[in-house]
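Asker: Pasting a structure here, questions to come.
The values are calculated or read from the model by the stated rules, or taken from the named source; none is laboratory data. Quick caveat: nothing in here was measured; it's all calculated off a predicted structure. FYI the Cβ positions are ideal-geometry reconstructions off the backbone, even for glycines, and counts take in every protein chain you see. What goes into the accessible areas is simple: the full protein's heavy atoms, side chains included, and nothing from ligands, DNA or RNA. Shrake-Rupley method; radii C 1.70, N 1.55, O 1.52, S 1.80 Å.
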Amino acid sequence: ARLPGSGRTVFKIRLEPVSSMRLSRYFLPILRDAPKEAEIVSHRLMLRAGMIRQEAAGIYAWLPLGLRVLNKISDVIREEQNRAGAIELLMPTLQLADLWRESGRYDAYGEEMLRIKDRNERDLLYGPTNEEMITEIFRAGVRSYKDLPKNLYHIQWKFRDERRPRFGVMRSREFLMKDAYSFDLDQAAARVSYNRMFVAYLRTFARLGLKAIPMAADTGPIGGDLSHEFIILAKTGESKVFCHKDFLGLEAPPADVDFDDAAGLQAIVDRWTGSYAATDEMHDEAAFAAIPADSQVTARGIEVGHIFYFGTKYSVPMKALVTGPDGKDTPVHMGSYGIGPSRVAAAAIEAGHDDAGIIWPDAIAPFRVGLVNLKPGDAAVDAACEDLYGKLMGQGIDVLYDDTDDRPGSKFATMELIGLPWRLVVGPKGLAAGTVELKRRDGGAAEAMSVDSALSAII
Ligand code: ATP
Ligand code: MG
Ligand code: MG
Ligand code: MG
């Protein structure tokens, strides 16, 4: 082919739709041995599976396989934020210190803030969170109570100079966060916005294949009961948690939940806050002891999300005012709502793995199917694999096709390690008998079956 006007010949390379991949052309730097520096299983497996690479303490490159997971997590979060009425924008990572001087947090934030000077000696910082900036954006664009409620969010990198970055991307210094910010006329309306995010979080974590329990969190000087941390139970969690066994069986709200029905939202929140659940910071030994002993769960937990109502903490000093129905200016009531996709990726591995490697929930697996060619170069096997690869892609299923000439044992070990939900194996013996072999990563034996049965099981 010729590029119009260039006179140059461009060669046609066969490009796969972005969602599928041939292993021979991929970048998947697998480590056979467990890296010594990794203390917890998710960190070990992410390094071994070629998902991440540490570039400096607590600063990671996301390699292709890891990036696919991070993007899938972000996509689920985005869909559920949008469903709940939040609106996406994108704020920069670098912020002016002057903005934080307005709220009084520039000095208060402490050593977790990475402070930077530009060539004009102006103070900047790499944002650890965005309350100040979103308040500035809001006050420049909204004047009247008629424009409320509003909820604005972004999915952007944050930097916190953690005292002890550790456990890989679970507690890194640079990490991805979805942070949403709600704006309302008064506390009652802000509570509805809070409930919307509460319900969106229940749906988000359920879709991510994770059981996250909302636990009462400290609201600091503002008081009230409007702060919850969403916690996944895992042996390697950093905090000790206590809850009622009932939480383990609760069903997340359905996709058609009505986010405009304030009473309906409150009923869901009431159900999910009706039983005891607290981290050690908020633990009330007497209240916990009142639960029947066989319903008490004491465990360790990972904070994957945190929602917070903080009233007029920023809108008063930063003068984010709207004109109310009475014609008077009044500071808006705000809340903020965070989830860390980087940490969620690691937490999902803490919750799903075995001795051989990762076991991804379907929703965030980097590929849905690992297609293994046991004998590349064998015309019949190659043709069957190409056929399966094409048909699965045609159904919108992402496939990692191992077309390399590695030994079968090593191919299987790689597939177990990277944890794709389905493994589909094609070899000469099976083909001669008209079968391929299908196996779920989360359990069940490998089963020989016809190509059609395998396809219909996966699709
Ligand atoms: P932690 O208690 O673990 O330090 P935090 O309470 O400081 O977290 P928030 O300010 O509530 O974190 O941020 C919202 C979310 O961002 C957290 O729930 C978590 O998912 C994620 N997060 C926070 N710090 C980190 C980090 N250092 N590395 C990865 N993710 C993080
Ligand atoms: Mg912290
Ligand atoms: Mg915390
Ligand atoms: Mg928190």
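Asker: Out of region 152-175, which residues are touching a Ser or Thr at 6+ places or on another chain (Cβ under 7 Å), more than 16 Å from ligand 3 (Cβ to nearest atom) and open to solvent by 20 Å² or more (accessible area, probe 1.4 Å)?
Answerer: Hits for region 152-175 are Ile155, Gln156, Trp157.
Asker: Still on this structure, please answer the following. When Tyr109 is evaluated against the numbered criteria (1) within 22 Å of the chain's Cα centre (by Cα); (2) of a type in the set (Ser, Thr, Tyr); (3) within 16 Å of ligand 2 (Cβ to nearest atom), which criterion, by number, is the only one it fails?
Answerer: Every listed condition holds for Tyr109 apart from (1).
Asker: Give me the residue from region 176-192 that is under 23 Å from the mean Cα position of the chain (by Cα) and open to solvent by 10 Å² or more (accessible area, probe 1.4 Å) and, out of that set, farthest from ligand 3 (Cβ to nearest atom).
Answerer: Restricting to residues being under 23 Å from the mean Cα position of the chain (by Cα) and open to solvent by 10 Å² or more (accessible area, probe 1.4 Å), the top hit is Leu176.
Asker: Residue by residue through region 226-259, note down the ones that are closer than 20 Å to Tyr309 by Cα and either among the aromatic types (Phe, Trp, Tyr) or without any contact (Cβ under 8 Å) to a residue 12 or more places away in the chain (or both).
Answerer: Phe230, Phe259
Asker: Among (1) open to solvent by 70 Å² or more (accessible area, probe 1.4 Å); (2) in contact (Cβ under 8 Å) with a residue 60 or more places away in the chain, which single condition is Glu132 missing?
Answerer: Glu132 satisfies all of (1) open to solvent by 70 Å² or more (accessible area, probe 1.4 Å); (2) in contact (Cβ under 8 Å) with a residue 60 or more places away in the chain except (1).
Asker: I'd like to check something: does region 291-302 contain any residue that is surrounded by fewer than 18 Cβ atoms within 10 Å (Cβ to Cβ), more than 15 Å from ligand 1 (Cβ to nearest atom) and under 26 Å from Leu185 (Cα atoms)?
Answerer: Checking region 291-302: not a single residue is surrounded by fewer than 18 Cβ atoms within 10 Å (Cβ to Cβ), more than 15 Å from ligand 1 (Cβ to nearest atom) and under 26 Å from Leu185 (Cα atoms).
Asker: Among the listed residues Ala413, Ala347, Ala383, Ala356, identify the single one that is more than 22 Å from the chain's Cα centre (by Cα) and over 24 Å from Pro428 (Cβ atoms).
Answerer: Ala356
Asker: What is the one condition in (1) within 24 Å of Ile87 (Cα to Cα); (2) within 16 Å of ligand 1 (Cβ to nearest atom) that Gly168 does not satisfy?
Answerer: Gly168 satisfies every listed condition except (1).
Asker: Also, I was wondering about something else. Pick from Met393, Met415: which is modelled with pLDDT under 95 and in contact with a strand residue (DSSP E or B) (Cβ under 7 Å, 6 or more places away or on another chain)? Can you show your working first?
Answerer: On the way: Met415 fails: modelled with pLDDT under 95.
The match here is Met393.
Asker: Which one is farthest from ligand 1 (Cβ to nearest atom), of the residues in region 311-339 that are open to solvent by 10 Å² or more (accessible area, probe 1.4 Å) and assigned to a strand (DSSP E or B)?
Answerer: Thr323
Let's see how each residue does on (1) surrounded by fewer than 17 Cβ atoms within 10 Å (Cβ to Cβ); (2) out of contact with any Leu (no Cβ under 6 Å at 6 or more places or on another chain):
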| site | (1), (2) |
| --- | --- |
| Trp100 | no, yes |
| Asp107 | yes, yes |
| Arg115 | yes, no |
| Asn120 | yes, yes |
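Asker: Pick out the one residue from Ala380, Ala363, Ala348, Ala384 that is of a type in the set (A, V, I, L, M, F, W, C) and surrounded by 23 or more Cβ atoms within 10 Å (Cβ to Cβ).
Answerer: Step by step, each of Ala380, Ala363, Ala348, Ala384 is checked, and only Ala348 is of a type in the set (A, V, I, L, M, F, W, C) and surrounded by 23 or more Cβ atoms within 10 Å (Cβ to Cβ).
Asker: Further question: Is it fair to say Val241 is crowded, with 22+ Cβ neighbours inside 10 Å and more than 20 Å from the chain's Cα centre (by Cα)?
Answerer: Considered against the rule, which asks whether it is crowded, with 22+ Cβ neighbours inside 10 Å and more than 20 Å from the chain's Cα centre (by Cα), Val241 comes out as yes.
Asker: Of all residues being within 20 Å of the chain's Cα centre (by Cα) and of a type in the set (Gly, Ala, Ser) in region 20-63, which is farthest from Cys385 (Cα to Cα)? Just the residue, please.
Answerer: Residue satisfying both the conditions and the ranking: Gly58.
Asker: Tell me whether region 393-415 contains one or more residues that are within 16 Å of ligand 2 (Cβ to nearest atom) and under 29 Å from Ala200 (Cα atoms).
Answerer: Looking through region 393-415, none of the residues is within 16 Å of ligand 2 (Cβ to nearest atom) and under 29 Å from Ala200 (Cα atoms).
Let's see how each residue does on (1) within 16 Å of ligand 1 (Cβ to nearest atom); (2) of a type in the set (A, V, I, L, M, F, W, C); (3) touching a Pro at 6+ places or on another chain (Cβ under 6 Å); (4) closer than 28 Å to Arg196 by Cα:
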site: Ser342; (1), (2), (3), (4): yes, no, no, yes
site: Gly357; (1), (2), (3), (4): no, no, no, no
site: Asp362; (1), (2), (3), (4): no, no, yes, yes
site: Leu371; (1), (2), (3), (4): no, yes, no, no
site: Asp378; (1), (2), (3), (4): no, no, yes, no
site: Gly390; (1), (2), (3), (4): no, no, no, no
site: Gly396; (1), (2), (3), (4): no, no, no, no
site: Phe412; (1), (2), (3), (4): no, yes, no, no
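Asker: Being touching a Leu at 6+ places or on another chain (Cβ under 9 Å) and surrounded by 13 or more Cβ atoms within 10 Å (Cβ to Cβ) narrows it down to one of Leu63, Leu89, Leu67, so name that one.
Answerer: Leu63
Asker: OK, next. For Glu132, work out the one condition from (1) charged (D, E, K, R); (2) more than 16 Å from ligand 4 (Cβ to nearest atom); (3) over 21 Å from Pro317 (Cβ atoms); (4) not in a loop (DSSP other than H, G, I, E, B) it doesn't fulfil.
Answerer: The single condition Glu132 does not satisfy is (3).
Asker: Quick one: count up the residues across region 27-60 that are at pLDDT 95 or above, open to solvent by 40 Å² or more (accessible area, probe 1.4 Å) and of a type outside the set (A, V, I, L, M).
Answerer: Total satisfying the criteria: 7.
Asker: Then there's this: Only residues in region 298-326 that are more than 22 Å from Ile134 (Cα to Cα) and β-branched (Val, Ile, Thr) count as the first member; pair them with residues that are away from ligand 1 (no atom under 16 Å from the Cβ) and part of a strand (DSSP E or B), Cβ under 6 angstrom, at least 6 apart or cross-chain, and list the lot.
Answerer: Thr298/Phe242
Asker: Residues that are of a type in the set (Phe, Trp, Tyr): which strands (runs of 3 or more DSSP E) entirely in region 357-459 hold 1 or more of them? Outline the logic, then answer.
Answerer: Details: elements: 369-373, 399-402, 422-426, 436-440, 447-449.
Hits in region 357-459: 399-402, 422-426.
Asker: Yes or no: Glu281 within 16 Å of ligand 2 (Cβ to nearest atom) and part of a helix (DSSP H, G or I)?
Answerer: Judged against the criteria, Glu281 is a match.
Asker: Considering each of Glu131, Glu162 in turn, give the residue that is within 16 Å of ligand 2 (Cβ to nearest atom) and closer than 21 Å to Val192 by Cα. Before you say what the answer is, go through the steps one by one.
Answerer: On the way: Glu162 fails: closer than 21 Å to Val192 by Cα.
Residue meeting the stated conditions: Glu131.
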